[in-house]
Amino acid sequence: MITEKNTIKIRSEFTAEAKKELVAPSRKASNKLILGSLAFAFVFIVLIFIFYYFKKTDLAGLMFGLFLFSLLIMAYGAMIKYSIKKDLQKSMPRTIYEYEFYNGGIAAKEEIEGEIMHISKYYDRSICKTLDGKRYMFLYVSSSMALVIDKSLLSPEEIATLKAIYFKEYSGDRIKLPDFKPGTPDFVQVEEITEEKRTQDQQ
């Protein structure tokens, strides 16, 4: 939604569907790894028989070593695929993410089972990777951490604005966002409340 400050604000739950879409590239990569190593293993087996037939045992031995190496690669891909599958089967605590988008940065809040766990600020320059999925947009702030944005909760104008900023895709009407100022009263107030709550919990 568009706030009174003319920022884009979204509050959404991290669901199993979002998690599945988040790991989709890793699953695809593991499948390619398995299929590719399987194809190489087949080629090496054929070459082993050919070289043995022509009594070139040295080359046959080399092909056998490469065959074993391709099996190791295949096993590695299978392990990645299995770990992703197990991770998707795990039950997740109810996690809500709230993002407010400015010109130049994002104010973010994470709630787990109704408790505020993290309040963060990210400058646009800290986004190291982006992924535009079927329903979700993912903005990576590190190699293993992404901001998950549910596009179904955004208007076409809001989606066009975010795609122009993070994906360099310019189409449709866009919103002129205010400059990112993490020290605004709203942001500081939430942070102070959180610190006060943490102090009370520690006592």
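What follows is calculated from the coordinates using simple rules that are stated; it is not laboratory data. The structure displayed is predicted, hence computed values, not measured ones. Positions of Cβ are backbone-derived with ideal geometry, glycine not excepted, and every protein chain shown enters the neighbour counts.
Some notes on this structure:
- Whole-number percent relative contact order across the chain, with pairs defined as alpha carbons under 8 Å at least 6 apart: 21
- Cross-link check: pairs K129/K181; K32/K86; K109/K151; K28/K90 evaluated at a Cα-Cα cut-off of 26 Å; no pair lies beyond the cut-off.
- Relative packing of 5-12, 65-72, 160-167, which averages over residues the other C-beta atoms within 10 Å, highest first: 160-167, 5-12, 65-72
- Computed lengthening from E17 to I96, 0.36 nm per intervening residue step minus Cα-Cα distance: 27.0 nm
- Shape class for the chain, computed from the alpha carbon gyration tensor (a ≥ b ≥ c): prolate, with a/c not under 1.5 and a/b above b/c.
- Residue among L47, L153, L139 with the largest mean-square fluctuation in a Gaussian network model of the chain, springs linking Cα atoms under 10 Å: L47
- Efficiency of FRET from Cβ geometry, A39 and L88, R₀ 30 Å, rounded to 0.05: 0.65
- The DSSP beta bridges internal to the chain are antiparallel in roughly 95% of cases.
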